[in-house]
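Read the structure below first, then the notes.
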Amino acid sequence: MVYIALSLVSVAWAWSWGFQWMAGGGNLLNLPFFFLDSDNSGSAAAFLAIDIAVVWAAYMIWVEGDATTIGLCAKNGWIFLPRSFLGTYFAFPLYLVMRERPLAKTGQIT
């Protein structure tokens, strides 16, 4: 339940800033522009954008492999790709909730 709460709070909080950025002319469908715009916003924003981009890539690689390993199958891992565009902060806690069911069935968690 904590993971779901984290996911919902974080998506609302982050997107309040995302909508402001888009209102100022930002375009989330143009990912290179998104990351270049963060570079133009200052060193801290560029640092965070690079950090998040690398974490996102590692997350997607891990989710696909983990989903296959624990029995969710690869297609269930890849459904988190579009969810991650809402934010890795949104998709990751939801994946943790989703992965608990197969792990509980095999007795790997209680």
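Look at where the Cα atoms of the range 51-67 and of the range 74-96 average out, and the two centres are 9 Å apart.
Please report the base-10 log of the normalised intensity I(q)/I(0) for the range 1-71, using a Debye sum with one equal scatterer per alpha carbon and no solvent, at each q in 0.28 (1/Å). Ignoring solvent entirely, the Cα scatterers give -1.22. For the chain, relative contact order (Cα pairs under 8 Å, six or more residues apart, normalised by length) works out to 31 percent. A Gaussian network model of the chain, with springs between Cα atoms under 10 Å, assigns the largest mean-square fluctuation among 44, 67, 12 to 44. Computing FRET efficiency as 1/(1 + (r/R0)^6) for residue 54 and residue 105, where r is the C-beta to C-beta distance and R0 is 22 Å, gives about 0.10. Karplus-based coupling profile of the range 82-91, in residue order and whole Hz: x, 5, 5, 6, 6, x, 4, 4, 8, 6, with θ = phi - 60° in 6.51 cos²θ - 1.76 cosθ + 1.60 and x standing for Gly or Pro.
Only helices enter this figure: runs of n ≥ 4 DSSP H residues, each worth -39500 (n - 2.57), summed and divided by the residues of the chain, yield -26000 deg cm²/dmol at 222 nm to the nearest 500.
All of the numbers you see were taken from the coordinates with simple rules; none came from a lab. On a predicted model such as this, the values are computed, not experimentally measured, just so you know. Please note: Cβ atoms are built from the backbone with ideal geometry, for glycine as well, and neighbour counts cover all protein chains shown.
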